[in-house]
1. Based on what the data block shows, is residue 181 in contact with a His (Cβ under 7 Å, 6 or more places away or on another chain), within 28 Å of residue 75 (Cα to Cα) and either modelled with pLDDT of 95 or more or exposed (fewer than 15 other Cβ atoms within 10 Å of the Cβ) (or both)?
2. Counting residues that are of a type outside the set (A, V, I, L, M, F, W, C) and either in the same structural domain as residue 164 (by TED's automatic domain parsing) or surrounded by fewer than 23 Cβ atoms within 10 Å (Cβ to Cβ) (or both), which strands (runs of 3 or more DSSP E) fully inside segment 38-146 reach at least 3?
3. For residues that are touching a His at 6+ places or on another chain (Cβ under 8 Å) and surrounded by 19 or more Cβ atoms within 10 Å (Cβ to Cβ), scanning just segment 221-260, find the one that is farthest from residue 22 (Cα to Cα).
4. Based on what the data block shows, is residue 314 hydrophobic (A, V, I, L, M, F, W, C) and closer than 17 Å to residue 356 by Cα?
5. Would you mention how many residues in segment 57-80 are closer than 24 Å to residue 201 by Cα and of a type outside the set (Lys, Arg)?
6. Being in contact with a Cys (Cβ under 8 Å, 6 or more places away or on another chain) and either modelled with pLDDT of 95 or more or not polar (S, T, N, Q) (or both), is that true of even one residue in segment 74-81?
7. Need pairs with beta-carbon distance below 8 Å; first residue farther than 13 Å from residue 130 by Cβ and within segment 152-176, second of a type in the set (Ser, Thr, Tyr) and crowded, with 16+ Cβ neighbours inside 10 Å; sequence gap 6+ or separate chains.
Amino acid sequence: MTLDWHEWHRAYDASDSPLARRLVIVQQGIRETLDTAPAGPIQVISMCAGEGRDLLGVLADHPRARDVRGRLVELDPELAAVARANAPAGIEVRRGDAGVASAYAGAVPADLVLVCGVFGNITDDDMMHTIATLPSLCAPGAVAIWTRHRRAPDMTGPVREQFAKAGFDELSFTAPEGTIFGVGMHKLTGPPAPFVEDATLFSFIGYAAMAEHCPQCGFSYAIERSEIIPWLRSDARAFVERFRALDGEAVRRRPQPEVWSPLEYACHVRDVLMIQRERVLLAQTEIEPKFAPMRRDERVVEQRYNEQDPDQVAGELAAAAESLATTFDGFDDAAWQRTGWYNFPEPMLRSVEWIGVHTVHELLHHRTDITARG
């Protein structure tokens, strides 16, 4: 099973999530580009556009919106449908492979090229090749906006150098403290290149496929320490929002006798958050403690998960997530590196940092569970 891109997009709804913070910076760059564009039509293309939140969010209230024409390319049919439903006149949403030049035939040369959410999901070679090819999609003086994570090895430096080699001048590069993403803006000052319709730009692989990941929900364990607390808070809010949206009958219904109900999953996640906090604190006072098993299946019966009050469980889950995030927030480097014997998926000595990453995985994984069950 590949990454659930629909659930991934939900992180945009939490204002302090890394994705939402990145979106604000990208939208600011789009606004600046439209503000300074000469009078007349403004042509835009967007690669792997998803729901189109970056461009469409700006066009919703920008005074130059009626001048903007262009194409958003997205392969996923549901994401493309969302973008299409929100796109104003003049913006085409095409379902197709954004990695082939033919997807942009008739929509180039562009004055603004959005390459957001692409570079972290393709190989480094494809990334460099795409940058070198961008002048063939650009009008004179075009602006390109791109994003990429800064996980080791941080490739944002080589990306910026490659833009310079391709004839672009850097307008800005933003890498906010406490985040792991970078956003770049570059203006083409060299000559555009001829458009080659049968050219291949890249093959979209997906970040999760290039790192240790969960085959069920697509979560990648290759996240940095600085990402744990923001994701913990935003994913907990997203879980609670999704859980509260379920009606009274659906919340207690088991789809199959052996599969938990959404309420049972919520109780489990609440208890995971509470127990993880106990574990990371124990690791601070003992040398390589052996964490007691959670007894997850037994707790469902013993604590009568499916008889608990959904509103109370939602509140307790949110409080447990915030308590754990606050605890993590007080840890120094030595505290994050403390270890203990963790029993899942098999007994292994794990660091507090790994426990933090695994807890974020629990939130995403079980949010997809209650989405599928509800």
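1. When the stated conditions are applied, residue 181 does not pass them.
2. 68-74, 91-95
3. Only one residue tops the list, namely 260.
4. Values: hydrophobic (A, V, I, L, M, F, W, C): yes; closer than 17 Å to residue 356 by Cα: no.
So residue 314 does not fit the description; no.
5. Pass one, segment 57-80, residues closer than 24 Å to residue 201 by Cα: 69-80.
This time we only want the ones that are of a type outside the set (Lys, Arg), so: 70, 72-80.
Result for segment 57-80: 10.
6. Filtering segment 74-81 for residues in contact with a Cys (Cβ under 8 Å, 6 or more places away or on another chain) gives 74-75.
If we keep only those that are either modelled with pLDDT of 95 or more or not polar (S, T, N, Q) (or both) too, we end up with 74-75.
Yes, the conditions are met somewhere in segment 74-81.
7. Here the result reads 173/156; 175/156, each pair linking segment 152-176 to a residue that is of a type in the set (Ser, Thr, Tyr) and crowded, with 16+ Cβ neighbours inside 10 Å.
Conditions tested, residue by residue: (1) under 25 Å from residue 287 (Cα atoms); (2) charged (D, E, K, R); (3) assigned by TED's automatic domain parsing to the domain that holds residue 264.
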| site | (1), (2), (3) |
| --- | --- |
| 319 | no, no, yes |
| 334 | yes, no, yes |
| 338 | yes, yes, yes |
| 343 | yes, no, yes |
| 353 | yes, yes, yes |
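The values are calculated or read from the model by the stated rules, or taken from the named source; none is laboratory data. Note that the structure is predicted; figures quoted are calculated from it, not measured. FYI the Cβ positions are ideal-geometry reconstructions off the backbone, even for glycines, and counts take in every protein chain you see.
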